[in-house]
1. Tally the residues that are more than 24 Å from residue 64 (Cβ to Cβ) and crowded, with 16+ Cβ neighbours inside 10 Å, restricting the search to the stretch 86-103.
2. Given the criteria over 24 Å from residue 55 (Cβ atoms) and modelled with pLDDT under 90, does residue 184 qualify?
3. Give all pairs with beta carbons closer than 7 Å in which a residue from the stretch 119-145 that is closer than 11 Å to residue 165 by Cα meets a residue that is aliphatic (A, V, I, L, M) and modelled with pLDDT under 85; count only pairs at least 6 apart in sequence or on separate chains.
4. When both residues are 6+ apart or on different chains and their Cβ atoms are under 6 Å apart, which pairs have a first residue that lies in the stretch 154-174 and is more than 10 Å from residue 141 (Cα to Cα), and a second that is assigned to a helix (DSSP H, G or I) and not hydroxyl-bearing (Ser, Thr, Tyr)?
5. Select from the stretch 95-112 the residues that are at pLDDT 90 or above, out of contact with any strand residue (DSSP E or B) (no Cβ under 6 Å at 6 or more places or on another chain) and either polar (S, T, N, Q) or more than 16 Å from residue 77 (Cα to Cα) (or both) and list them in ascending order.
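The values are calculated or read from the model by the stated rules, or taken from the named source; none is laboratory data. All values derive from a computational prediction rather than experimental measurement. Here Cβ is always computed from backbone atoms with ideal geometry, including for glycine, and neighbour counts include all displayed protein chains.
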Amino acid sequence: MDLGWKWSKGYVGSFRYDSSYPTTSWMRSAATAAVNHISHSPYENPDFNFTSGSSANVTLQFLNGDTTSCGGLFGWVGCAKTTANSPFTTWWVILASNRCWTNGTSSTCTTSSRFDVQTVTLNEMGHVSFLGHHVNPDYSDAVVQGQPVAYPSTNWSMRTLRQMDNARLSTLYGLDPCTVPPCPLGADQ
């Protein structure tokens, strides 16, 4: 993904849940874990902290992927989109409400084909950090892929950044000088 712009190193922003996002605690917990995982990586990519306010840099939504367009596409599973003009500091990470979602224990339906909330959210948050789709046929080398796979497919649940994701974050942002937690979570700390 090259939009001719990227976040400044060490940028600290916020994320929130839109009213369309389910209130089920297990779904929010999985999505929050994904945002926290990429936000608090060992690189100087942006950190997004939860806000209950009405505005944020990233808004998580839950919309029908067959009736809602994302970048002109329909039938998507997860989607990350931003404003049309630089700077790209406002994003929407959307999960398709017409898909079956799971966290490995709980699920929104009983079909065998289920998508992992944390994996898909992590994939989309990768796009927010300006990671493009990896096209290596060995899917396990990156979470950020063109199309997430469903259970019971191999690599349906990848809840941590992989080799290619980390390599690209390192290239874009460099290592974070704070290597011993707890690292600051905001400019005021």
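1. Of the residues in that region, 1 qualify.
2. Answer is no for this residue.
3. 127/1; 130/1; 131/1; 132/1
4. Going by the 6 Å Cβ cut-off, the qualifying pairs are 159/118.
5. Result: 98, 103, 104, 105, 106.
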